[in-house]
């Protein structure tokens with residue numbers, strides 16, 4: 001069986017919401033800089049000028065950072081690779097992060113609610129075969145905790161479409177019910 005590659009995709013309405021929210025926060029930073037430069041006397045700006053610039057610049061950066069991340073995800077999408085019928089590998093920014101044995105997957109589901117969508121997996125307990133972590137910087141415990149908090153599932157891979165899910169959902173059908 002060949003390798004099946006499913007790439008993440010960013011919905012246009014998610015980009016629009018992040019752009020509007022980011023522009024509002026960045027706009028507050030710009031207004032802070034403009035008003036303080038216009039109305040605060042120079043003797044006060046000697047003391048408060050640097051902190052005002054830091055706060056205004058931080059608001060501009062914080063406002064536009066989520067939109068930039070999403071745009072980078074479009075350029076270098078995350079991938080779920082089905083390796084044979086044995087493993088599903090998650091690749092982040094083009095590098096393998098973790099590999100989940102299909103024996104360890106109890107169920108898979110596509111979740112779509114609000115601006116959060118993706119593929120969720122519940123693992124068998126106890127896990128028959130360990131999940132392989134490829135990136136030493138990747139925290140398996142943190143990933144599990146965030147997935148459980150956001151979706152209630154053991155693993156959640158964001159920004160994967162329903163169409164991508166249907167391409168890998170056949171793995172659930174392949175597994176025998178006695179496993």
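Each reported figure results from applying straightforward, stated rules to the coordinates on display, with no laboratory input. All values reported here derive from a predicted model rather than from experimental measurement. We place every Cβ from the backbone using ideal geometry, glycine too, and count neighbours over all the protein chains shown.
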Between the modelled labels at residue 74 and residue 148 (7 Å from Cα along Cα→Cβ) the distance in nm is 3.6
Ranked output for segments 110-120, 44-54 by mean other Cβ atoms within 10 Å, highest leading, reads 110-120, 44-54
Taking a label point 7 Å from the Cα of residue 127 along Cα-to-Cβ, the residues of region 68-100 whose backbone nitrogen sits under 15 Å from it are 87-90, 97-100
Given 125-134, 87-96, 14-23, 152-161, the highest-first ranking by average Cβ count within 10 Å works out to 152-161, 87-96, 14-23, 125-134
Contour minus Cα-Cα span, residue 85 to residue 31, at 0.36 nm per residue, comes to 13.9 nm
The simple spin-label model distance between residue 107 and residue 61, using points 7 Å out along Cα→Cβ, in nm, is 4.4
Burial-style ranking of 66-73, 35-42, average other-beta-carbon count within 10 Å with highest first, yields 66-73, 35-42
Computed over the chain: longest principal axis from alpha-carbon atoms vs helix 12-39 long axis, angle to nearest 10 degrees, is 20
Note on region 73-126: the mean projected area of its alpha-carbon convex hull, in nm², is 4.5
Expected unfolding gain across residue 20-residue 140 under the 0.36 nm per residue rule, minus the alpha-carbon gap, is 39.9 nm
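Which values, in whole Å and largest first, are the semi-axes of the equivalent ellipsoid of the chain obtained as the square root of 5 times each eigenvalue of the Cα gyration tensor?
Working from the Cα gyration tensor, I get semi-axes of 44, 16, 13 Å.
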